[in-house]
Amino acid sequence: MARLRCECGNIISNNYSPSKTVGILCGQIDAEALQRKIENTIEDYILSVREGKESDWVRSYFKNECTYGPSAVIASIMSDYELRYHREVLECSDCGAIFIAKGADSCEFEIYAPKSGEYNSVLNCMES
Ligand SMILES: [Zn+2]
């Protein structure tokens with residue numbers, strides 16, 4: 001969880017989900033690598049189901065004895081990889097400054113400010 005003070009004085013955080021001012025950043029090279037890893041892992045999981053070894057695969061992947069349904073397994077595979085390849089992004093709702101995490105699992109942020117100095121809702125493509 002991050003709680004950051006913007007240079008404009010606004011406090012921004014990622015404590016609530018979903019949020020219009022929190023998102024992710026993933027470069028094209030990382031996105032393609034991520035896609036391949038997700039596909040390979042899901043394919044490996046499906047193969048284990050076909051061979052009747054799903055329980056062993058799930059126990060090995062999750063490192064515990066929990067039971068998961070196929071949709072939960074696939075969702076977990078996707079979110080696990082996404083956490084490794086995405087940087088968190090927060091946008092100041094007052095001045096539009098963009099805070100980008102310095103790494104996939106980092107709580108340190110670099111600030112990028114729009115020339116307009118205005119909030120642009122850049123993390124909300126579905127609203128346009
Ligand atoms: Zn600001």
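Here, each number is a calculation from the coordinates, and none is a lab measurement. What you see is a predicted model; the values in this text were computed from it and never measured. FYI the Cβ positions are ideal-geometry reconstructions off the backbone, even for glycines, and counts take in every protein chain you see.
Numbers for the structure displayed
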{"item": "Residue within the range 19-29 that is assigned to a helix (DSSP H, G or I) and more than 16 Å from the ligand (Cβ to nearest atom) present", "result": "yes"}
{"item": "In the range 4-18, residue farthest from Leu123 (Cα to Cα) [restricted to those that are among the polar types (S, T, N, Q) and either near the ligand (Cβ under 9 Å from one of its atoms) or in a loop (DSSP other than H, G, I, E, B) (or both)]", "result": "Asn10"}
{"item": "Index of the failed condition, Met1 passing every other in (1) within 23 Å of Asp105 (Cβ to Cβ); (2) among the hydrophobic types (A, V, I, L, M, F, W, C); (3) more than 16 Å from the ligand (Cβ to nearest atom); (4) surrounded by 12 or more Cβ atoms within 10 Å (Cβ to Cβ)", "result": "(4)"}
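Yes/no matrix, rows are residues, columns are (1) surrounded by 13 or more Cβ atoms within 10 Å (Cβ to Cβ); (2) within 16 Å of the ligand (Cβ to nearest atom); (3) assigned to a loop (DSSP other than H, G, I, E, B):
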| site | (1), (2), (3) |
| --- | --- |
| Ile74 | yes, no, no |
| Asp80 | yes, no, no |
| Leu83 | no, no, no |
| Ser106 | yes, no, yes |
| Leu123 | yes, yes, yes |
| Met126 | no, no, no |
